[in-house]
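Notes to accompany the following structure.
The values are calculated or read from the model by the stated rules, or taken from the named source; none is laboratory data. Computed from a predicted model, the values in this text were never measured in an experiment. Ideal geometry is used to build each Cβ from the backbone, glycine not excepted, and the neighbour counts take in all protein chains shown. The area values use the complete protein model at the heavy-atom level, side chains included, leaving out ligands, DNA and RNA. Shrake-Rupley method; radii C 1.70, N 1.55, O 1.52, S 1.80 Å.
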Amino acid sequence: EPFVADEYIERLAWRTPGGGSRGGEAFDPKRLLEEFVNHIQELQVMDERIQRKVEKLEQQCQKEAKEFAKKVQELQKSNQVAFQHFQELDEHISYVATKVCHLGDQLEGVNTPRQRAVEAQKLMKYFNEFLDGELKSDVFTNSEKIKEAADIIQKLHLIAQELPFDRFSEVKSKIASKYHDLECQLIQEFTSAQRRGEISRMREVAAVLLHFKGYSHCVDVYIKQCQEGAFLRNDVFEDAAILCQRVNKQVGEVFSNPETVLAKLIQNIFEVKLQSYVKDQLEEHRKSDAEQYLKNLYDLYSRTTNLSSKLMEFNLGTDKQTFLSKLIKSIFISYLENYIEVEIGYLKSRSAMILQRYYDSKNHQKRSIGTGGIQDLKERIRQRTNLPLGPSIDTHGETFLSQEVVVNLLQETKQAFERCHRLSDPSDLPKNAFRIFSMLVEFLCTEHIDYALETGLAGIPSSDSKNANLYFLDVVHQANTIFHLFDKQFNDHLMPLISSSPKLSECLQKKKDIIEQMEVKLDMGIDRQVQTLNCMIGQMKHILAAEQKKTDFKPEDENNVLIQYTNACVKVCGYVRKQVEKIRNSMDGKNVDTVLMELGVRFHRLIYEHLQQYSYSCMGGMLAICDVAEYRKCAKDFKIALVLQLFDTLHALCNLLVVAPDNLKQVCSGEQLANLDKNILHSFVQLRVDYRSARLARHFS
């Protein structure tokens, strides 16, 4: 523990008799001083003893340090001596090695010509046998020494080519014949070894044949036998991948140039097996069935490129990417040259058929939409005046827009974009994608949506029609949905194909133009459809006139009224709720609020004017308040603050029909009625049956 002087002195004083008040003993300062003096002397003696011990240890340590330093110096000297000896030894070894190398070079200079002379002598001996016409050497007669014979005949064949033909024609032909026989034997031996699966023997024979002209024939035989029984299943691409995987493991053990052999095998598979298979699959449908032809072309090209990706794992030489690309191109070049023409032709006929099938199912004969100067003039007049030009068409509520048709067209176009991405040359990809997009615009936007909008505009009833028909709002709703699908395909499938090309701005502009054109027609239809709100208000007037009775608000028996609200109120509210729901489902954005506000204001005005046509008893006034409360619930569905405020005020006005005469002034000065014109308040009070009583007139005046 750390030393604390105060605690040490306290313990010392505590142990000394008379040093404290322990046990009631009196404090003795002399004795405590004496104890302190004695203890200080003991500490001084102890300090001197410890100091002597420290000095002794320091001297010992210094002595040992000097001895250690001396020993290190001696070791350094010994190390320097050893290093000098090592250098001398290294120099001596280098000198001896130089002498040995020089001697080896001299020996090699003597031995190499000797070996060449021996080999030349042997070759001359074998050459003489060919001159004599009789092969006696064991190397030519013993079939087990075919390897040595092959080496000799290959050298003799090279020598024979340098000899003049007129003097050595016979021997040259004999050597050539033997060369050919041995070559055939070696190839036959290689074939047999391959069938037996003897890899080591195949490697030996291939190494011998490497210097023969027939080495390429040996490789051809190997490739041919590898493919025997390899293509038995229906999936030629999977079979090819498995075969190449198997051969890749074996070819390095057999041939000295495995990458060349494997590349030749792959080339043979592509040019023979795959090309034949692709031709059979495509030529069958090329002229008769464009849809199946395009599907097969896309499928075969995709599977071929997938196979190529798998083969990229193997060592095929320096530029295997270019090698495989050329093989794929050699198979499909005749089909890819005119691919986009086939694609556009099929897309055009398929889209036209989808549209025609839809119109036939509706028993609709598609009418032509005029073009040229007259149609442009009509369009400008209609945009400026919002007047219907031409006869109105009864569409029987049919929008002539079909999500099924749209999905089919978009699905066909999506598949076309996928094929275009896969089958088009990178330089032609943006251009081809734009052509497909143009087909989509023509058939989806122009032939389907634009035609439906034109038909919808012609089918909107005039503003003075008795039948309120919000038919065009259905067209708007479906057109909005289709636009979202169209825009999604544009972003998901077209943009990746053209994003880095000049065609991007062209496509965006084309999309912008077609959407603006559609929006103009939608806006015109909505504007004209808003005018049909008059028809809706007329329909409500008809319901009120037919269903509302004068006795509803002046019942004969005031004490026997069982209904909560009138039948006219129930039917009007039901009709309004249906129209509000239809407007919300058919429109979006600010268009909904604009139409609902206009409808809500007119609805309020209609009820306000309707209520002022009747006189109200006390119970009739209560029933009117119940009707207005129901109308106010209906107004909440509009979700328009102004409309709800109008009906709140109307509900407060109806309270004037039932309030006690003494409380009329208090009610009229309430929060909701205080700001209203006094004539309006008076007009409602006059509707009370008891208005003419002197008391009521006096209270309200």
> Do we find that GLN365 is modelled with pLDDT under 90 and of a type in the set (S, T, N, Q) in this structure?
Replying inline: yes
> Looking at (1) open to solvent by less than 100 Å² (accessible area, probe 1.4 Å); (2) at pLDDT 65 or above, can you tell me which one VAL110 breaks?
Replying inline: (1)
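Every residue, every condition in (1) in contact with a His (Cβ under 6 Å, 6 or more places away or on another chain); (2) surrounded by fewer than 16 Cβ atoms within 10 Å (Cβ to Cβ), yes or no:
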residue: TYR293; (1), (2): yes, no
residue: ASP299; (1), (2): no, yes
residue: THR305; (1), (2): no, yes
residue: GLN321; (1), (2): no, yes
residue: ILE333; (1), (2): no, yes
residue: ILE354; (1), (2): no, no
> Taking the condition open to solvent by less than 10 Å² (accessible area, probe 1.4 Å) and part of a helix (DSSP H, G or I), does VAL272 pass?
Replying inline: no
>> If GLU313 satisfies all but one of (1) closer than 19 Å to LEU429 by Cα; (2) in a loop (DSSP other than H, G, I, E, B); (3) acidic (Asp, Glu), what's the number of the condition it fails?
In response: (1)
>> Every residue in the stretch 240-254 that is out of contact with any Cys (no Cβ under 9 Å at 6 or more places or on another chain) and either of a type in the set (Gly, Ala, Ser) or open to solvent by 10 Å² or more (accessible area, probe 1.4 Å) (or both), please.
In response: ALA240, ALA241, ILE242, GLN245, ASN248, LYS249, GLY252, GLU253
> Does LEU265 satisfy the condition of being more than 24 Å from GLY197 (Cα to Cα) and either out of contact with any Ser or Thr (no Cβ under 9 Å at 6 or more places or on another chain) or at pLDDT 90 or above (or both)?
Replying inline: no
> Quick one: which of GLU454, GLU447 is surrounded by fewer than 22 Cβ atoms within 10 Å (Cβ to Cβ), modelled with pLDDT under 85, assigned to a helix (DSSP H, G or I) and among the charged types (D, E, K, R)?
Replying inline: GLU454
> Pairs, please: C-beta under 9 Å, at least 6 apart or cross-chain, first residue without any contact (Cβ under 8 Å) to a residue 40 or more places away in the chain and in the stretch 267-281, second among the β-branched types (Val, Ile, Thr) and assigned to a helix (DSSP H, G or I)?
Replying inline: LYS279/ILE331
> Among the candidates LEU311, LEU297, which residue alone is in contact (Cβ under 8 Å) with a residue 24 or more places away in the chain, hydrophobic (A, V, I, L, M, F, W, C) and closer than 18 Å to HIS421 by Cα?
Replying inline: LEU297
> If you scan the stretch 276-288, which residues turn out to be outside any helix (DSSP H, G or I) and open to solvent by 60 Å² or more (accessible area, probe 1.4 Å)?
Replying inline: GLU284, ARG286, LYS287, SER288
> So which of SER615, SER683 ends up being out of contact with any Lys or Arg (no Cβ under 7 Å at 6 or more places or on another chain), within 26 Å of ILE537 (Cα to Cα) and of a type in the set (Ser, Thr, Tyr)?
Replying inline: SER683
> From the list ASP593, ASP627, which one is of a type outside the set (A, V, I, L, M), open to solvent by less than 10 Å² (accessible area, probe 1.4 Å), in the same structural domain as ASN679 (by the TED database) and on the phi < 0 side of the Ramachandran plot?
Replying inline: ASP627
> Looking at the stretch 481-524, which of the residues that are in contact (Cβ under 8 Å) with a residue 12 or more places away in the chain and not in a helix (DSSP H, G or I) is most open to solvent (accessible area, probe 1.4 Å)?
Replying inline: PRO502
>> Of the residues VAL54, VAL96, only one is among the aliphatic types (A, V, I, L, M), in a helix (DSSP H, G or I) and farther than 30 Å from ALA5 by Cα; which?
In response: VAL96
> Do any residues in the stretch 399-410 that are more than 13 Å from GLN489 (Cα to Cα) and in contact (Cβ under 8 Å) with a residue 12 or more places away in the chain have Cβ atoms under 9 Å from those of residues that are among the β-branched types (Val, Ile, Thr) and open to solvent by 20 Å² or more (accessible area, probe 1.4 Å), where the two are at least six apart or on different chains, and which pairs are they?
Replying inline: LEU401/THR481; GLN403/THR481
> Quick one: how many residues across the stretch 192-239 are out of contact with any helix residue (DSSP H, G or I) (no Cβ under 9 Å at 6 or more places or on another chain) and crowded, with 19+ Cβ neighbours inside 10 Å?
Replying inline: 0
> Do we have any residue at all in the stretch 329-342 that's at pLDDT below 85 and more than 31 Å from the chain's Cα centre (by Cα)?
Replying inline: no
> Among the residues of the stretch 1-37 satisfying the criterion of being open to solvent by less than 70 Å² (accessible area, probe 1.4 Å) and in contact with a Phe, Trp or Tyr (Cβ under 7 Å, 6 or more places away or on another chain), which is modelled with the highest pLDDT?
Replying inline: GLY18
>> When you scan the stretch 674-696, do you find a residue that is modelled with pLDDT of 90 or more, among the hydroxyl-bearing types (Ser, Thr, Tyr) and open to solvent by less than 50 Å² (accessible area, probe 1.4 Å), even just one?
In response: no
> Of the residues in the stretch 259-270, how many are more than 11 Å from VAL219 (Cβ to Cβ) and more than 35 Å from the chain's Cα centre (by Cα)?
Replying inline: 1
> Within the stretch 658-673, can you find the residues that are assigned to a loop (DSSP other than H, G, I, E, B), open to solvent by 20 Å² or more (accessible area, probe 1.4 Å) and touching a residue at least 12 places away in the same chain (Cβ under 8 Å)?
Replying inline: VAL658, GLY670, GLN672
> If you scan the stretch 560-609, which residues turn out to be at pLDDT 80 or above and of a type in the set (Lys, Arg)?
Replying inline: LYS571, ARG577, LYS578, LYS582, ARG584, ARG602, ARG605
